[in-house]
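Worksheet for the structure shown next.
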Amino acid sequence: MSTQKKSVLEPLRIRIRRVQFTVGLGFLALVIGTALTLSLWTRLSGPVEALPSWLIDFLIAPVLRHLWALAVLPVLCYGAARVIELNPWATALGAAATGLFFTLAIEFTSNGIEGWLAAGALSLLLELAVVAGGVVLSQRAVVRGRAAASKQETTAQEQASARKDEYAEFLREAELAGEKIAQREAAKPEGQGAPVQSLPVPEQPAVPAAASEEGSEQKPPGEPKAPAA
């Protein structure tokens, strides 16, 4: 029963993990994009203020405000797709919706509904168009990331198969060499073998002639010895 429950709940767990990953991806893109926007605005504030107000309100401001969707989110989606198999549209839409939700929540907390009404419908439409462009870029980034990952996997498989073929060829050559050695050993005559080396015979020491004469001339046991002079 437990295994059946695990098998039934496993797809649901995978979907929940994907949703969590998508939400985290959008939130991370928003945080990094906000920091990048502030950095760019501090550097470009002088030249940008010299431009016409309508250009700032309807072009530069929406792009800088949603730089997280145009630049950061596609990069994160591409990097994630290189590692994990992701659904392009679901990942792009979910991450963009997460970032847009947090952005609207922050604006509503700081300015309220009056801030949205003061911005005007055209400004809101432009911001939504910028986020939609970020969704398209993120979807293409996921597709390219999966294509790069599959290409890398194919290359790794080809290298592994090439190494396998090289190893098989090496084993085949080793077997042929062993068979040749065995045939050479079998072709030798049975009587032929390694020559037996004779050990050197040690030389007997020469016996002195005086000792041999004394040994040959033995005195009888009863004969007395002559006194020494």
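Every read-out reported here was derived from the displayed coordinates using simple, explicitly stated rules and does not represent laboratory data. Since this is a predicted model, take the numbers as computed values, not measurements.
Here are some notes:
- D (Stokes-Einstein, µm²/s), Kirkwood Cα radius, segment 9-158, 1.567 mPa s at 4 °C: 77
- For segment 154-165, Karplus couplings with θ = phi - 60° (6.51, -1.76, 1.60), whole Hz, Gly/Pro x: 5, 4, 5, 5, 5, 5, 5, 5, 5, 5, 5, 5
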